[in-house]
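*Asks:* Handing you this structure, nothing more for now.
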Amino acid sequence: MLLGVFAPATATTVQASKTKNIKVTYTLKKNKKQIAKKTIKIKKGATVTDGLKKGWKVSDKGGFISKIDDHKQNNKKKIYWTFTVNGKQVNVSADKKKLKNKDHVEFKLSKYNG
């Protein structure tokens with residue numbers, strides 16, 4: 001009888017801990033070539049920047065990413081980091097965009113032609 005009471009409590013605890021974290025896949029590209037891909041486990045409600053910093057060494061200012069590991073922007077050549085979430089362009093900075101479980105974030109370092 002004690003086992004029956006104890007087992008559901010354990011199952012509830014495990015289920016509750018799963019909802020505190022989410023998994024997000026990050027892909028980094030430089031000139032259309034994939035340079036890295038990782039699935040990162042982060043807390044629910046985390047931002048694009050939170051997950052990125054958990055997987056790589058990142059330099060940013062005001063939510064705008066300027067360097068990921070050794071790959072940095074070049075303002076003179078108009079080469080910048082941009083990102084999408086689930087294939088869609090995002091209109092807020094990386095530190096403001098909250099993520100959901102199983103989101104796919106893609107960062108591209110490429111020339112801006114605008």
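Computed from the coordinates by the stated procedures, all read-outs in this text should not be read as laboratory data. Because the structure is predicted, anything quoted here is derived from the model rather than measured. Because the Cβ atoms are built from the backbone with ideal geometry, glycine has one as well, and the counts that use them run over all protein chains shown.
*Asks:* Test of understanding: express the Cα radius of gyration of the range 21-111 as a ratio to 2.2 N^0.38 Å, with N the residue count.
*Replies:* 0.99
*Asks:* Can you tell which of Asn86, Asn113, Trp56 lies farthest toward the positive end of the dipole of the range 56-114, using +1 and -1 charges on the Cβ of basic and acidic side chains (Lys, Arg; Asp, Glu)?
*Replies:* Asn113
*Asks:* Work out how much length Lys96 to Lys23 would gain on full extension: take 0.36 nm times their residue separation and subtract the Cα-Cα distance, in nm to one decimal.
*Replies:* Between Lys96 and Lys23, full extension yields an extra 24.5 nm.
*Asks:* For the range 23-111, what is the charge dipole size about the Cα centre, in debye to the nearest 20, if Lys and Arg each add +1 at the Cβ and Asp and Glu each add -1 at the Cβ?
*Replies:* Around 160 debye, computed over the range 23-111.
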